[in-house]
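I have placed the structure first, in the form of structure tokens, so that the comments after it can refer back to it.
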Amino acid sequence: MLTAARSYTAAVENFRWRVPASYNIGVDICDNQNASATALVCPQPDGRVRTYKFGDLKRHSNKLANVLAARGLKPGDRVGILLPQAPETAIAHIAVYKSGMIAVPLFTLFGADALEYRLRTAGVRALICDSNGMAKIAAIRGNLPDLKLVMSIDGAGDGAEDYHRLVSKAYDSFQPKLTRADDPALIMDSSGKACPGY
């Protein structure tokens, strides 16, 4: 928070970043929020509206974090997220951050060549996608030696496992990793370089 100042110039001159030694973005944007407050409002194709509380996101992201850990992923590993706007997209980001892993968001309109380049360059070990992404990945998976786990929110097929089945069986309790404020959290460019989580 900014402290009160007599002028804009004084505010600028006295401003200092206060970056904590430890910081986990997943904990801050989810677990530290009011569990009963509305976090997401998701209109459904049939006209209904589905809402998620922060407590729901915490439970769902904990379950996904446990699935990733059970499959051998560890802090620093890269997890691709090839999804349209959906609750699972937010949940995946939160789970990856709480796990100390690095999220690699991927544009759903990317073709196979663009996906292969990004997944291979970033060394992505797990990927969360839908049926459209699953079909693209199936065609290039042989060229992605680091990719060990593919989960689809639309069910199993084409070498992908059923995201919802895996998550439904996982524990909803997870101890987030104690990450440093400058630990990588997100890769946004094609170079494979990660951005810090603060």
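Go through Leu144, Leu149, Leu119, Leu127 for me and flag whichever is surrounded by 14 or more Cβ atoms within 10 Å (Cβ to Cβ) and closer than 12 Å to Leu64 by Cβ.
Criteria check complete, one pass: Leu149.
How about region 63-114: which of its residues are of a type in the set (S, T, N, Q) and under 18 Å from Ile140 (Cβ atoms)?
Thr108
So which residues in region 178-191 are within 16 Å of the chain's Cα centre (by Cα), surrounded by fewer than 19 Cβ atoms within 10 Å (Cβ to Cβ) and in a loop (DSSP other than H, G, I, E, B)?
Met188, Asp189
So Ala5 fits all but one of (1) over 29 Å from Asp154 (Cβ atoms); (2) exposed (fewer than 11 other Cβ atoms within 10 Å of the Cβ); (3) free of Cβ contacts under 8 Å to residues at least 24 places away in the same chain; (4) of a type in the set (A, V, I, L, M, F, W, C); what number is the exception?
Answer for Ala5: the failing condition is (2).
Which residues, taken from region 166-189, are β-branched (Val, Ile, Thr), modelled with pLDDT of 95 or more and touching a helix residue (DSSP H, G or I) at 6+ places or on another chain (Cβ under 7 Å)?
Val167
I'd like the residue in region 88-116 that is among the β-branched types (Val, Ile, Thr) and within 15 Å of Gly76 (Cα to Cα) and, out of all such residues, is surrounded by the most Cβ atoms within 10 Å (Cβ to Cβ).
Ranking the qualifying residues of region 88-116, first place goes to Val96.
Which pairs have Cβ atoms under 6 Å, sit 6 or more apart or on different chains, and link a residue in region 96-113 that is over 18 Å from Leu178 (Cβ atoms) and at pLDDT 95 or above to one that is assigned to a strand (DSSP E or B) and charged (D, E, K, R)?
So the pair list comes out as Val104/Arg78.
Assess whether Thr38 counts as being touching a Pro at 6+ places or on another chain (Cβ under 6 Å) and among the polar types (S, T, N, Q).
No, not satisfied.
If only one of Val27, Val12, Val41 is out of contact with any Cys (no Cβ under 8 Å at 6 or more places or on another chain) and surrounded by 11 or more Cβ atoms within 10 Å (Cβ to Cβ), which one is it?
Selected residue: Val27, the only one of Val27, Val12, Val41 that is out of contact with any Cys (no Cβ under 8 Å at 6 or more places or on another chain) and surrounded by 11 or more Cβ atoms within 10 Å (Cβ to Cβ).
Which is more than 16 Å from the chain's Cα centre (by Cα) and under 29 Å from Gly55 (Cβ atoms), of Ala126, Ala156, Ala92?
Only one candidate passes the filter, namely Ala156.
Sort out which residues of region 23-53 are more than 19 Å from the chain's Cα centre (by Cα), among the hydroxyl-bearing types (Ser, Thr, Tyr) and either modelled with pLDDT under 95 or part of a loop (DSSP other than H, G, I, E, B) (or both), and write them in order of number.
Ser36
Go through (1) farther than 15 Å from Ile128 by Cα; (2) at pLDDT below 95 and name the single condition Gln85 misses.
It fails just one condition, (1).
The values are calculated or read from the model by the stated rules, or taken from the named source; none is laboratory data. Not measured: the values here are computed from a predicted model. Cβ coordinates were reconstructed from backbone atoms using ideal geometry, including for glycine residues, and neighbour counts include every protein chain displayed.
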